[in-house]
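> Quick one: structure below, then a few questions.
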Amino acid sequence: MKRRVSASPSTLVATVVALAALAGFAGGCAAPTEPPTATSSPSATSPAAEVRVFFIPGGSDPCGTVAPVVRKVGRPVTPAIALRELLAGPTVEETAAGFTSLFGPPTADALLGVVVVDGIARVSFRDLRRIIPNASSSCGSAALLGALDATLAQLPGIRGARYSFGGDEAAFYEWLQMAPPD
């Protein structure tokens, strides 16, 4: 799939607004950077929609500091679509622009499911412990949760998230060396 990177002043304004809205959910983000826009081939039957996925921007503290990149998807954005875009990791163009992530090709198919109940996204992944071993450090867990939380927080009706490995929340949060959220 070929992707093109571009940005516009209106994208920067939307990014600033999105980052301000995300501050409470994701624990704050870095100073906004103008996000590149990656374009996938949209479906001929549905209009293209945009989704922001959050990666570690170049030159920033990698411990939870995230910034958005904008991707065009060929269907309405759902939590599953947003997470699949995130789990695929940065594109070649986004990497060239300085973005990094714990996510990439090995995690691209890691999403098992996501259900939103009363504003809380319950996200189930296949076991990521061997794929992302460094997420168990304090910096790694902050980067991982920062990207996941910020990507979900942009979506209407989501005010929080809980993560699991195949439905096992305790295993997910033990991996990150933290207690599951209340």
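> If each residue of separation counts as 0.36 nm, what is the full-extension length gain between Ala179 and Ser137 once their alpha-carbon separation is subtracted? List each step's numbers first, then the result.
Working: separation 42, 0.36 × 42 = 15.12 nm, distance 1.42 nm.
Fully extending the segment from Ala179 to Ser137 adds 13.7 nm.
> Here's something else I'd like to know. Provide the per-residue ³J(HN,Hα) series for the stretch 63-68, in order, calculated from phi with Karplus coefficients 6.51, -1.76, 1.60 and θ = phi - 60°, each as a whole number of Hz, with x at glycine and proline positions.
Listing the rounded values in order: 8, x, 6, 10, 9, x Hz.
> Near Ala143, within a Cβ-to-Cβ distance under 15 Å, what is the net charge of the other residues, with Lys and Arg +1 and Asp and Glu -1? Please report the intermediate quantities before stating the final value.
Numbers: positive: none; negative: Asp61, Asp149.
Once positives and negatives cancel, what remains is -2.
> Report the Cα centroid-to-centroid distance between the stretch 65-97 and the stretch 108-150 in angstrom, as an integer.
15
> Length gain on complete extension for the stretch Val115 to Glu169, per 0.36 nm per residue less the alpha carbon to alpha carbon distance? Walk me through the numbers before you get to the answer.
Numbers: separation 54, 0.36 × 54 = 19.44 nm, distance 1.40 nm.
Working it through step by step, the gained length comes to 18.0 nm.
> Rounded to the nearest 0.05, what FRET efficiency do Asp127 and Arg162 give with R0 = 25 Å and r taken as the Cβ-Cβ distance? Could you check? The partial results should precede the final answer.
Details: r = 17 Å, r/R0 = 0.66.
About 0.90, to the nearest 0.05.
Laboratory data are not the source of any read-out in this text; all were calculated from the coordinates shown. Bear in mind the structure is a predicted one, so any value in this text is a computation, not a measurement. A quick note on method: Cβ atoms are made from the backbone with ideal geometry, for glycine too, and the neighbour counts reach across all protein chains shown.
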